[in-house]
Amino acid sequence: MSSSRSLTVAGVALLLAWCVAAPALASDDTWISTKIRIALMTTDGAGRNAVKVDTEHGKVTLHGTVDSQAVKDKAEATAREVGGVTDVRNLLQVVKQSSQESVKAADKDVKDAVEKALKADASLEGIKLKSVEDGFVFLDGSTTSLTHELRAIETAYAVPGVRQVASGIETKEK
């Protein structure tokens, strides 16, 4: 009876430990995915919005379409540099895009539109536009989460005329 009781107690302890650790693992995976998305969006030639990221127990899967093998390789290298990544599975498909010219806009118009877009989202308070030069946007400020930093970068990319976004945003994750 004593050995079966010990096994039961050990089983309950293992189950309890798993229940406590599982949310932390999911949280780590979310953190890794968010850091990779930020890195992809702020690294020139790494795929930006075209690359989707899934993470499970530190193993990352990249999927979506990119327009060259060089972008596919850069996306993988960028993902591998993020802390906590144990493996990268690169399922990106190289698909030649039609050669459309990117939207050209005056830096002042881009600046005004990015500032307006950032102000429209209350969760992005504390993040500001530092500069715009030839469609290159530099964001600055601070926020409490990586999710808000990513949202700010995505918001800037949504503005016509933005060619690239760099982030100097300080994240004070709680």
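The values are calculated or read from the model by the stated rules, or taken from the named source; none is laboratory data. Computed from a prediction, not measured in an experiment: that's the story for all the values here. Here Cβ is always computed from backbone atoms with ideal geometry, including for glycine, and neighbour counts include all displayed protein chains.
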Taking the condition of being hydrophobic (A, V, I, L, M, F, W, C) and at pLDDT below 90, how many residues in region 23-37 meet it? 3
Count, please, the residues in region 90-111 that happen to be modelled with pLDDT of 85 or more and either outside any loop (DSSP other than H, G, I, E, B) or of a type in the set (D, E, K, R) (or both). 8
Which numbered condition G64 fails, given (1) within 16 Å of the chain's Cα centre (by Cα); (2) at pLDDT 90 or above; (3) not aliphatic (A, V, I, L, M): (2)
Could you tell me whether R151 is among the basic types (K, R), under 28 Å from D54 (Cα atoms), in a strand (DSSP E or B) and at pLDDT 90 or above? no
Quick one: is E115 touching a residue at least 24 places away in the same chain (Cβ under 8 Å) and not in a loop (DSSP other than H, G, I, E, B)? no
Which residues, taken from region 37-84, are farther than 20 Å from A158 by Cβ and of a type in the set (S, T, Y)? T55, T61, S68, T78
